[in-house]
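Each remark here refers to the structure printed beneath this line.
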Amino acid sequence: MGWSIGYDRHWERDIGYGVPALCDHPGCYEAIDRGLSYVCGGEPYGGEDGCGLYFCSQHLFIERHQPQLCERCSDGKDHFTPKPDTPRWMHHKLTDDSWAQWRAENPEDVERLKAAPSSSCGREGEES
């Protein structure tokens, strides 16, 4: 099994290195992906120690022999609020042929994506 695209039921969003995203740290708009390199906890869904959100290298702390953690998990505090999908990713899901079956099987999710603001997190932080 590859980690290109998956789904995180806890956060109810797509994950994997094939999913363009923005750092989940408030006020940061660094373009990243939702792959294992950026996940708090260093394992799928955050493992045992992380929250499972995704952060750029400035906001993900890596210590020797420890899992990579965001500042909140490192300090034992509640998680940050996850950022929504980027407009780029939403457009891809709504138009790419590889998502045709998903669109056919999930009409309510398709309508939700169509109704979402074009820039649901304020700034895109990446090229279209």
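How many of the residues in region 58-79 are loosely packed, with under 14 Cβ neighbours inside 10 Å and either closer than 21 Å to V19 by Cβ or modelled with pLDDT of 95 or more (or both)?
The total comes to 1.
Mind checking which residues of region 83-128 are modelled with pLDDT of 85 or more, over 17 Å from Y7 (Cα atoms) and in contact with a strand residue (DSSP E or B) (Cβ under 9 Å, 6 or more places away or on another chain)?
The one that is modelled with pLDDT of 85 or more, over 17 Å from Y7 (Cα atoms) and in contact with a strand residue (DSSP E or B) (Cβ under 9 Å, 6 or more places away or on another chain): R88.
Return the residues of region 41-57 that are within 15 Å of the chain's Cα centre (by Cα) and either open to solvent by 70 Å² or more (accessible area, probe 1.4 Å) or not aromatic (F, W, Y) (or both); say none if nothing qualifies.
If the condition is that a residue be within 15 Å of the chain's Cα centre (by Cα) and either open to solvent by 70 Å² or more (accessible area, probe 1.4 Å) or not aromatic (F, W, Y) (or both), then G41, G42, E43, P44, Y45, G46, G50, C51, G52, L53, C56, S57 are the ones that fit.
Give the residues of region 1-40 that are among the hydrophobic types (A, V, I, L, M, F, W, C), more than 17 Å from C51 (Cα to Cα) and open to solvent by 30 Å² or more (accessible area, probe 1.4 Å), sorted by residue number.
Result: M1, W3, I5, A31.
Six or more apart or on different chains, Cβ under 7 Å: which pairs go from a residue in region 68-87 that's on the phi > 0 side of the Ramachandran plot to one that's open to solvent by 60 Å² or more (accessible area, probe 1.4 Å) and assigned to a helix (DSSP H, G or I)? Could you list them?
Pairs that qualify, where the first residue is on the phi > 0 side of the Ramachandran plot and the partner is open to solvent by 60 Å² or more (accessible area, probe 1.4 Å) and assigned to a helix (DSSP H, G or I): there are none.
Select from region 58-78 the residues that are within 17 Å of Y45 (Cα to Cα), polar (S, T, N, Q) and under 17 Å from the mean Cα position of the chain (by Cα) and list them in ascending order.
Scanning region 58-78 gives a single hit, Q68.
For region 11-29, which residues satisfy the criterion of being over 12 Å from the mean Cα position of the chain (by Cα) and not hydrophobic (A, V, I, L, M, F, W, C)?
Listed by number, the residues that qualify are P26, G27, Y29.
Do we find that D96 is open to solvent by less than 90 Å² (accessible area, probe 1.4 Å) and within 13 Å of the chain's Cα centre (by Cα) in this structure?
no
Under the condition of being of a type in the set (S, T, Y) and more than 17 Å from D109 (Cβ to Cβ), which residue from region 1-34 is modelled with the lowest pLDDT?
Going through the qualifying residues, I end up with S4.
The values are calculated or read from the model by the stated rules, or taken from the named source; none is laboratory data. Predicted model only: the values in this text are computed from it and were never measured. Positions of Cβ are generated from backbone atoms using ideal geometry, with glycine treated the same way; all protein chains shown enter the neighbour counts. Accessible surface is based on the protein model in full, side chains and every heavy atom, while ligands, DNA and RNA are left aside. Shrake-Rupley method; radii C 1.70, N 1.55, O 1.52, S 1.80 Å.
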